[in-house]
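Chemist: Dropping a structure here in structure tokens format, bear with me for questions.
The values are calculated or read from the model by the stated rules, or taken from the named source; none is laboratory data. Computed from a predicted model, the values in this text were never measured in an experiment. Here the Cβ positions follow ideal geometry from the backbone for every residue, glycine too, while neighbour counts run over all protein chains shown.
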Amino acid sequence: MLTTIKSKLYSFTAAACLLGAVSCKKDYQNPGAATSDQVFNSPKGMMGAAVGIQRTFTLNVTYGVSNCTGLITGETFLLNPGNLSEAQFFQGGVAVDNTNALLGNIWSAASKAIWDADNVIRASAQLADRGYAAGLVAYASIIKANAIGVQSMYWQQVPDTIGISNAPFIDRVAGFNKAVAVADRALAGVAANPLTASFLADMPAGLNIVNTLQALRARYALFAGNYTVALAAASAVDLSVRSTFNFDAANANPTFTAVTSTNNVYQPIDSTLGLPMAVRPALNDARVNFYTSINTAVAPRFRLSGFWVAATTAIPVYVNDEMRLIRAECLLRQSTPDVNGAKAIIDAILQQTPAQDMNGVGANIAAGYTGTLDVPSLLTEVYRNRCIELYHSGLKLEDMRRFGRPLTERKRNFFPYPFRERDTNTNTPADPAF
């Protein structure tokens, strides 16, 4: 799966992946797989379980949200209407119903990731090596926080507890706050028990534990409207380090496998990235050439590139400029807005060349921001840059809501609850109208 996992972990990973089958049932166990005792009886068994959680999340949730959000927000267009789930998202509105397979898979895979992460977190308490245990908790918490955050982006209410019958639901803002709390606890554990050399040796390459936890705190605190926490967390992220989900040829980048390599599902709209005139990229914005490529031989002309260009291309858990844009937004939304501070951050983002960015994403616009210096104008500029910098990341729908974009710019606002949840949980809320 991940390029640098030690070979001796593969057997643990396979067993861990089988611990919980994705299903509508509240019991995520698979009676034909390895037992919890077999998997969780050693540090490496627990690491294998954690790697399995990452695999579940990247192949299902990371892929699903970029796919569905792109189609519903106009970043991409559908190539083949025979892809029925994608066709529903491309049409939007009531066409996206409780039977949508992509939507149901995001719900179940996120729920499974939370369930399995909780198992790793509980099991780590038995380890004598407290640094290794803190690392396992932190690693599992990265996926757990992200899974809670994704469910809170897509649904108006989310389960308060995974794996129990008739789980109660909480408001999505409470879900975002819960994701922040997961990251908070993990960071406190690592601060008290620093990561050991043995944990770092077993940990798959790509992820930076502390930076990623701070980045997720920043993202989901921002979504919850807690700008003080979001600003502090974004400022704590080391922008000289990248953090990624890595892939190899045998366990490939899922978007490349399903989309880029086939040219049979969806592709980018065009160089506008699906943005209306007032906020679309400048003609000389180099970020467009990062995220898209041109095919002059076979339609469509614009093709997906960037983090989905090859089987082994890593997908960032966050791009570094997401953190800078969070800082700029928080400066503008605080009780006494700092217009000049926000403009300085935006200027730095726009002036950055691709070579200066850890992920190769740079606008290379020497003039920087030349618009009006007031809070509404700069917030619009933050939104515009988030749409470009974070293209196809799955975050655009949440941004559309937060920035009050017109409903006409998206094909749906929130999603219905999959029947696999509704049929087994009488507490499932009513579906949204749009």
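Chemist: In the range 407-434, how many residues are outside any loop (DSSP other than H, G, I, E, B), among the charged types (D, E, K, R), under 16 Å from residue 100 (Cα atoms) and touching a helix residue (DSSP H, G or I) at 6+ places or on another chain (Cβ under 9 Å)?
Modeler: Going through the range 407-434 one residue at a time, the tally reaches 2.
Chemist: Search the range 174-212 for residues being surrounded by 21 or more Cβ atoms within 10 Å (Cβ to Cβ) and under 13 Å from residue 323 (Cβ atoms), and hand back the single one that is nearest to the chain's Cα centre (by Cα).
Modeler: 212
Chemist: Okay, next question. Select from the range 223-259 the residues that are of a type in the set (Ser, Thr, Tyr) and under 18 Å from residue 399 (Cα atoms) and list them in ascending order.
Modeler: Across the range 223-259, the qualifying residue is only 227.
Chemist: Hey, can you tell me all the residues within the range 244-290 that are β-branched (Val, Ile, Thr), over 18 Å from residue 361 (Cβ atoms) and surrounded by fewer than 21 Cβ atoms within 10 Å (Cβ to Cβ)?
Modeler: Correct list: 257, 262, 265, 269.
Chemist: Continuing with the same structure: Taking the range 213-243 as the search range and keeping residues that are among the hydroxyl-bearing types (Ser, Thr, Tyr) and within 18 Å of residue 146 (Cβ to Cβ), which one is surrounded by the fewest Cβ atoms within 10 Å (Cβ to Cβ)?
Modeler: This residue is 243.
Chemist: Continuing with this model, one more query. Is it the case, given these coordinates, that residue 376 is more than 30 Å from residue 141 (Cα to Cα), modelled with pLDDT of 95 or more, part of a helix (DSSP H, G or I) and not charged (D, E, K, R)?
Modeler: Against the criterion (more than 30 Å from residue 141 (Cα to Cα), modelled with pLDDT of 95 or more, part of a helix (DSSP H, G or I) and not charged (D, E, K, R)), residue 376 qualifies.
Chemist: Which condition breaks for residue 368 when tested against (1) over 26 Å from residue 220 (Cβ atoms); (2) under 22 Å from the mean Cα position of the chain (by Cα)?
Modeler: Result: residue 368 fails condition (2) only.
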